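One structure is given here, and the rest of the page talks about it.
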Amino acid sequence: MNPVELIIKKREKNKLDKSEIHFFVTEYLNENISEYQMSAMLMAILLNGMDFDETFWLTAEYLASGKQAIFKNKNGKFIDKHSTGGVGDKISIILAPIAAECGISVPMISGRGLGHTGGTLDKLESIPDLQIDISLKKFQEIVLKNRFAIISQSKEIVPADKRIYALRDVTGTIKSISLITASILSKKIASGIEGLVVDLKVGKGAFIPEMKTAKKLAESLISVGNKFGKKVKVLFTNMDSPLGMCVGNSLEIIESIEFLKGNFQEDLKEVTFALLSEMLIMAGIVITKIEAENMIMKTIKSGAALKRFAKFIELQNGNQDVIYDYSIFGKSKYSKNIIAEKSGFISTINSREIGWALIDINAGRRIITNKIDYTAGLKLFKKVGDKIAKNEVLAELFFNKDNGEIVAERIKKTFQISNEIVEKKTRILECY
Ligand code: URA
């Protein structure tokens, strides 16, 4: 087969068959198809789409590129959660230890930052010495010991997603239903789960801003997931404005630790508890959402979820002292307050714009080899619906680069202030 012919075939809106998808993925991994050819194919898929068969074959191909975790005696309790990507979305880090404490095993294979969104793995790597690139054998051992582990794709585990995910991040080829489906489900199936709860982000800061397309993605995730024998539940959540109060790698870990200590931001709590409730119901541990919420709250109030998070850091070789000493994360050289120019009510905080602006101070990547500045980020002091006075501080930007002033100006423009009262809305939009 000739890769150029296959790129042209997809460019001309034709269906690829199973052997062609196999060829393209395996030869890319064998270095016989170049990065630019894969980039062209990804763009053709993004523009022209794939049908159910192609999406299923692509997912199977990603999965077959590596090994799969095997756990015995699962009893329906190996459940994971995955987000389609957001800004300030640190839910995986908070949710996994709580779920584990409630009796769910969470073998989590996560991703790095993608486009304007942050990634769980980059956030976790802001914890000194924490390892996320570990062997499948060690991953399984840690899950059995502590009921959860969070690791990255690797040469051994979904290598196809590891390479293609990083390439999509820098080639504008994220927003494709088929590519997102294959990327998410291959990681999740490889991790040995029985069921998956998807946090499908919709709105300004999501890859899929509009509900109509989001529903198509949900249908794709559910139908392909079911064909692999996995239960899939989808929650649509609003991603117009950042989730919680912090955006940026170490800032988000600190916010996650605070959450596990019982200091919640309302929107973060709402989405985290809703996803956890679905996981607990799927695992058959509780029947109602009220029961789930009581159970979740107990694990936080008792300190048990925080303890389990500390154990996770220890098992993945990180420095557990970060839990009580945030100075270990280090601090950016500079910070700048972003000030309101008028009084009123916050009507918009555009999370997509914030995500892109933060990449300019190295909180995310422009090219695959970029090094992340873990201390760079934004602390919000006001949320949508909050009242604000003229000259009050809206947010604080942390940075080490010399373009911080320009980025702060860009971020200021993401806030819109209305003279009218703005209603605070629920983040949960719909459930599938
Ligand atoms: N999360 C993933 O793992 N992959 C995507 O393509 C998008 C979100």
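The values are calculated or read from the model by the stated rules, or taken from the named source; none is laboratory data. All values derive from a computational prediction rather than experimental measurement. Cβ placement follows ideal geometry from the backbone for every residue including glycine, while neighbour counts extend to all protein chains displayed. Please note that ligands, DNA and RNA were not included when accessible areas were found on the heavy atoms of the full protein model with its side chains. Shrake-Rupley method; radii C 1.70, N 1.55, O 1.52, S 1.80 Å.
Values for this structure:
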| item | result |
| --- | --- |
| Other-chain or far-sequence residues with amide H under 5 Å of Val106's (modelled H) | Phe148, Ala149 |
| Residue-by-residue Karplus 3J(HN,Hα) for region 333-341, coefficients 6.51, -1.76, 1.60, Hz, glycine and proline x | 5, 10, 8, 9, 7, 9, 10, 6, 8 |
| Length released on extending from Tyr326 to Leu47, taking residue separation times 0.36 nm less the Cα-Cα span | 96.0 nm |
| Theoretical FRET efficiency, 1/(1+(r/R0)^6), r = Cβ-Cβ of Glu420 and Val393, R0 22 Å, to 0.05 | 0.50 |
| In order through region 194-200: 3J(HN,Hα) via Karplus (6.51 cos²θ - 1.76 cosθ + 1.60), integer Hz, x for Gly, Pro | 9, x, 9, 10, 9, 8, 8 |
| Too-long pairs where the Cα-Cα distance tops 29 Å, listed order kept, from Lys123/Lys298; Lys9/Lys123; Lys269/Lys371; Lys261/Lys387; Lys13/Lys175 | Lys9/Lys123; Lys269/Lys371 |
| Residue list for region 159-194, given a label point 7 angstrom along the Cα-to-Cβ vector of Glu35 and an amide N cut-off under 20 Å | 159-175 |
| Accessible surface of Asp129 - all protein chains present, 1.4 Å probe, nearest 10 Å² | 120 |
| Protection-proxy order for peptides 264-270, 247-253, each taking the mean of Cβ atoms within 10 Å per residue, highest first | 247-253, 264-270 |
| Other-chain or far-sequence residues with amide H under 5 Å of His82's (modelled H) | Val197, Val198, Asp199 |
| Per-residue HN-Hα couplings for region 231-247 [Karplus 6.51, -1.76, 1.60; θ = phi - 60°; Hz; x = Gly/Pro] | 7, 9, 10, 10, 10, 8, 10, 7, 10, 5, 10, x, 8, x, 10, 10, 10 |
| Chain lengthening between Gln131 and Lys413 when straightened (0.36 nm per residue, less Cα-Cα) | 97.8 nm |
| Cα-only Debye scattering, region 157-311: base-10 log of I(q)/I(0) at q = 0.10, 0.13, 0.14 Å⁻¹ | -0.43, -0.74, -0.87 |
| Kirkwood Rh, Cα atoms: Rg over Rh of the chain | 0.96 |
| For the chain: relative contact order, % (alpha-carbon pairs under 8 angstrom, 6 or more apart) | 19 |
| Fraction of accessible area attributable to carbon and sulfur, the chain (%, probe 1.4 Å) | 51 |
| Accessible surface, per residue, of the chain when the full set of protein chains is kept, probe 1.4 Å, Å² | 41 |
| Rough spin-label spacing in nm, given labels placed 7 Å along Cα→Cβ, for Lys261 and Lys212 | 4.7 |
